[in-house]
Amino acid sequence: MENKSICVTENALDEILIEDIFDNKGNILIAKNAIMNKYSVEFLSRLNIKEIYVYPSKEESRLSKNNNFPLIYKENILAMQKIARRLAAGKGVAPDDLGEMSKILSIEINKNSKMIGHTGRIKDTDEYTYNHSVNVAIYSVYIGRLLGLDDGRLRELCQAALLHDIGKAKVPKDILNKKGKLTKEEFSIVKKHTIDGYVLSKGMSFLTEEVRDAILCHHEREDGSGYPYGIKGRKINLYAKILAITDVYDALTSERAYKKKSTPFDAIEEFYNMGINKFSRPILNIFLKNISQLYVNSKVILNDGRVGKIEFIPPKDLTFPIINIHGEYIDLSTNPSLKIIGIVE
């Protein structure tokens, strides 16, 4: 199917961009996968951009004679947007409600009897660890689709994500849920969960060695600063590179006994503070650019108590969205005293 072309001024609202839009100097104006709203339509119209290319629906794809089209459709992105908003608002997501975009995840949790026993072990260990594993799988499958992985590899990536923390079954709960900072000895115990997880995965004959390796290496870092072995770069497999990012992102945006959750925008900032060289830069850039766009049109609370809607997220300044409060557009990049403190689902 050919890319669906639409007129910006006539019917672009609620459509989803299939490609980045650039100005004549090569700067990105609006990022791929952004959901068009009134602000972005007017923004493009002011720049005299009259035509854009957007994702078709699955129905439109079925009507086409040419099926050589990306796996992601409009419905997939809207489903992921709903999931991301609920997670950011502190609400859980039932596996049965994940939508078409995450059907592989649903299958792995609900229909694969081999997986149920092992994910149940994680749930028995710690409710947070279980929910975290499901969330990491959601984000990982999302990245996998953006990278164009086929269904077989997506299923393996999903398995690796669901089981990445299974070794925490051997970590004492008082250490796992400690409110204060871990001692050096306690942290050494926690760090063993990667090796323990790998050993446990050896007993799961349905897993590939690449999946087991991802369970072992999801805390390795591109610059060699991770564990358990301090390997770097090409020695870390693709699944582990993805898990390294999604594991940290969900940990930052989740509530814990010892810390409050960060907003998605604080989490993005934290990645930069940690140093993006710790992660696969191409994968991280793809993830952050796309995950941020899922929050366009979200209702947010600012630190001054006002509630507004995210109208636009500048591709080159992901942490400073433009907020609409009763018709007034507020650019957070020029209002340093204002900050998003929460997303309302």
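The values are calculated or read from the model by the stated rules, or taken from the named source; none is laboratory data. As the structure is a prediction and not an experimental result, all values here were calculated from the model. Please note: Cβ atoms are built from the backbone with ideal geometry, for glycine as well, and neighbour counts cover all protein chains shown. Just the protein is used for accessible areas: all its heavy atoms, side chains included, with ligands, DNA and RNA removed. Shrake-Rupley method; radii C 1.70, N 1.55, O 1.52, S 1.80 Å.
Summary table below
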item: Per-residue SASA entry for S45, accessible area with 1.4 Å probe, Å² rounded to 10; result: 50
item: Area of R155 that stays accessible when all protein chains are in place (1.4 Å probe, Å², to 10); result: 80
item: Förster-model FRET efficiency, 56 Å R0, K192 and S45, C-beta, rounded to 0.05; result: 0.45
item: The chain: angle of helix 264-274 to the longest principal axis, Cα-based, in degrees nearest 10; result: 60
item: Segment 212-292: GluC sites (Glu not before Pro) in DSSP loop, at most 13 other beta carbons within 10 Å; result: E255
item: For segment 212-287, Kirkwood radius (reciprocal of mean inverse C-alpha pair distance, Å); result: 12.7
item: Nearest 10 degrees, 0 to 90: helix 151-163 Cα axis against the chain principal axis; result: 50
item: For segment 144-236: accessible area per residue (Å², 1.4 Å); result: 49
item: Per residue, the convex hull volume that the Cα atoms of the chain enclose (Å³); result: 151
item: Percent carbon-and-sulfur accessible area, the chain, ignoring ligands, DNA and RNA, probe 1.4 Å; result: 50
item: ³J(HN,Hα) computed for each position of segment 233-249 - Karplus, 6.51 cos²θ - 1.76 cosθ + 1.60, integer Hz, glycine/proline x; result: x, 5, 6, 9, 6, 4, 4, 5, 4, 5, 4, 4, 7, 5, 4, 5, 4
item: Proximal lysines relative to K309, as straight alpha-carbon distance under 24 Å, when same-chain residues fewer than 8 apart are discounted; result: K32, K38, K74, K82, K91, K260, K261, K289, K299, K339
item: Principal axis dimensions, largest first and in whole angstrom, of segment 186-342 by Cα; result: 58, 33, 29
